[in-house]
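The values are calculated or read from the model by the stated rules, or taken from the named source; none is laboratory data. Here the structure is a predicted model, which is why all the values come from computation and not from measurement. Here the Cβ is made from the backbone with ideal geometry for all residues, glycine too, and neighbour counts use every protein chain on show. All accessible areas refer to the heavy atoms of the entire protein, side chains included, with ligands and DNA or RNA removed. Shrake-Rupley method; radii C 1.70, N 1.55, O 1.52, S 1.80 Å.
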Amino acid sequence: MMTGAPVPSLSPAPAPALARQQFRLHPPPLPEPRGPLSAALTARLRGEAPGSTPLPVPSPDDDFSPYGDDLQLALYVLYELHYQGFQGVPDSLEWDSGLLACRGAIEKIFLGALRRDVPVDATQTAEQALDELQLEPVGDDGSGVSYFLRDEGTLDHMRAYAAVRSLYHLKEADPHAWVLPRLHGRAKAAMVAVEFDEFGAGRADEIHAQLFADLMEDLGLDTTYGHYVDAAPAEALATVNLMSLFGLHRALRAALVGHFAAVEVTSSPGSRRLAEALRRVDAGPAAVRFYTEHVTADAVHEQVVRHDVVGGLLEGEPHLDADVVFGIHATTHLENRLADSLLGAWRAGATGLRGDWPTGNGGRP
């Protein structure tokens, strides 16, 4: 006979709860291409190009920006075949050899750029790298999105930020789940415990992706999964692609743990500032709740991740320490690029979104 905490009910969700979950029940349409690579890819997925037509296989010598719109969108689309897929695209294409070859070539370019731009000090440990993340600037040093939003951001800034972040938060915790079969013992048990919270601790209405959809609803945004892909800058796509890059490769499992640790260590103080920003602009209670929930939950998660996920992984596989450090620094590198993009746009009076996407009260993006 089992003892301990009661098992959450697995009975069907009531109708209102099911209605709230509609944002995840249907795959999104394919996004608009942003260059020759993403155009060839979407043509293949739409069935406009015969399956025998070879896809471009880019190389590091080609004229592709590793962080640019065309390459990052193509990679995002290829990764999304492993998640929700796309309208009209057969699920069987998830393992199409031509698509996988194209993805592997793009990954080589992206990972090569990260290795070049995020050098790892061989003397730095994962513990030291995580300690660095906790050294926050005194006041606003001009580089933090959450500081800007707390101190001077408008409701429109918050709506633009939520639209960009929806690519991550509407699939929150999914990419990290790829690492579970690749962990052992203490690290696996701790990772499952944190993921259990991320997935609502047995309650569908408390899944963090659902809470973010509720935030978007409060802000008057469209909660459809993938709705804002066409509006998201390349820097936002890269932050989402990083999780899938690490998660889908066993060789990068420690880098994914580093990414997860970096997110959890920095989440609580940033979430506190974002909750303050939302209160200041009179956003709705669901919008505020998403971030207040993360202030408390991620403060606890931080300790579990540091001591049991990272500590447990390196206890059994100490040779992976440098990979954890790489994951931490790669996360910071791409988040800083996104912050620079958004802050630059906001200070210039723009939304930070691509194209003519309204974010004011006059229209529903």
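Points to keep in mind about this one:
- For the range 206-252 and the range 279-293, distance of Cα centres in Å: 19
- For the peptides 218-231, 255-268, 92-105, the ranking by packing is 255-268, 218-231, 92-105, with the highest mean count of neighbouring Cβ atoms within 10 Å listed first.
- The Kirkwood hydrodynamic radius of the range 103-237, based on inverse pair distances between different Cα atoms, is 18.1 Å.
- Sequence of Val300, Val145 from largest to smallest accessible area, 1.4 Å probe: Val300, Val145
- Charge dipole (Cα centre; +1 on Lys/Arg Cβ, -1 on Asp/Glu Cβ; no other charges) of the range 227-365 amounts to roughly 480 debye.
- The chain: most fluctuating residue of His319, His157, His333 per GNM, C-alpha cutoff 10 Å: His319
- GNM result for the chain, Cα springs below 10 Å: residue of Ala113, Ala234, Ala173 fluctuating most strongly: Ala113
- Of Val310, Val304, the order by accessible heavy-atom surface (1.4 Å probe, DNA, RNA and ligands excluded), from most exposed downward, is Val304, Val310.
- Max mean-square fluctuation residue, GNM over the chain, Cα-Cα springs under 10 Å, options Asp151, Asp205, Asp70: Asp151
- In this Cβ point-charge picture (+1 for Lys and Arg, -1 for Asp and Glu), the chain has a dipole of about 620 debye about its Cα centre.
- Accessible area per residue, Å², the chain with all protein chains present, probe 1.4 Å: 44
- For the chain, fraction of C-alpha pairs farther apart than 25 Å, in %: 55
- Carbon + sulfur, % of accessible area of the chain - ligands and nucleic acids excluded, 1.4 Å: 56
- Helix runs (DSSP H) in the chain reaching 24 Å along axis by Cα, Kyte-Doolittle at least 0.0: 97-117, 321-347
- Cα gyration tensor shape for the range 221-324, rounded if a/c is under 1.5, else prolate or oblate: oblate
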